[in-house]
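Worksheet: the structure to be examined is printed underneath.
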Amino acid sequence: MKPLIVANWKMNPQNLAQAKQIFNSVKKGLEDVKSAEVVICPPFIYLPTLFDFLSRWIKSQIKLGAQNCFWEEKGAYTGEISLLMLKNFACKYVIIGHSERRGILKETNSMINKKIKAALSFGIKPILCVGEKKEEKQKEKIFVVLKSQVEQGLRKISKKEIENIIFAYEPVWAIGSGNPCSLDESHVVRLLLQKIIAQKYSRQVAQKLQILYGGSVKSSNVNGFIKDAGFQGVLVGGASLDPKEFIEIVKNAS
Ligand code: 13P
């Protein structure tokens, strides 16, 4: 399976002209790179333009994704974006439960669970983010934290549906810090996640999981997370806004 490289632009860049520039540079730089699957998750407001660019480019290796969604299809939910709307712009993936949404916007595991179920029902692959905070790591609570995020996030989700969910291990303390998780430690956590899934579902389901690593990924460390720590791809924040660096990440991941 090709590694999956997901760009999470977060609330960047600050205008459409810059978004077009980053996107076009990445698209050009990856024209001949077929060894990885690349997904770009821009802010909602740039999706229509990028969708338009992509639809005029038949050779596209790049797919679009969203950084969040709402669980209802339509109605009185001021400020929200539905999965049906995302589907209109060919979004194939949606990031759910990012630590910035859990922390700053108080998103709960129960909200995350509703979003995952809704995404699955629209055929959009959820990228479920899990990870511990610094204090939780210091108190050796990684397993407990991940277990509750996974169990509550996946409430009433079947064995069959799990195949369409991508997991992203993003230790909160590593995000935007320039200080990624070590390969040994991230490898252990990847196995812990598989154990949690094996206990909830089965060992076969756990073995097929697609798990990404996120948190200070750059071109110089991406290969280790894939080759040594065994992740199936990465979720990239800051470095995804620098086209040259992001192109290197994709190339080095392959
Ligand atoms: P950084 O790559 O900037 O650490 O961000 C990681 C992240 O939060 C991706 O979702």
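No value in this document is a laboratory result; all are computed from the given coordinates. Every value quoted in this text rests on a predicted model; they were computed, and no experiment measured them. Glycine also receives a Cβ, built like all others from the backbone with ideal geometry; neighbour counts cover every protein chain displayed.
For the reader, a short list of remarks on this structure follows.
- Selected residue [buried (at least 19 other Cβ atoms within 10 Å of the Cβ) and within 16 Å of the ligand (Cβ to nearest atom)] from 196, 226: 226
- Listed by position, the helices (runs of 4 or more DSSP H) enclosed by the range 147-254 that each have at least 1 residues that are of a type in the set (Lys, Arg) and under 18 Å from residue 125 (Cα atoms) are 159-162.
- Residue selected from the range 140-192 under the condition without any contact (Cβ under 8 Å) to a residue 24 or more places away in the chain and either among the hydroxyl-bearing types (Ser, Thr, Tyr) or in contact with a Phe, Trp or Tyr (Cβ under 6 Å, 6 or more places away or on another chain) (or both), by the criterion nearest to the ligand (Cβ to nearest atom): 182
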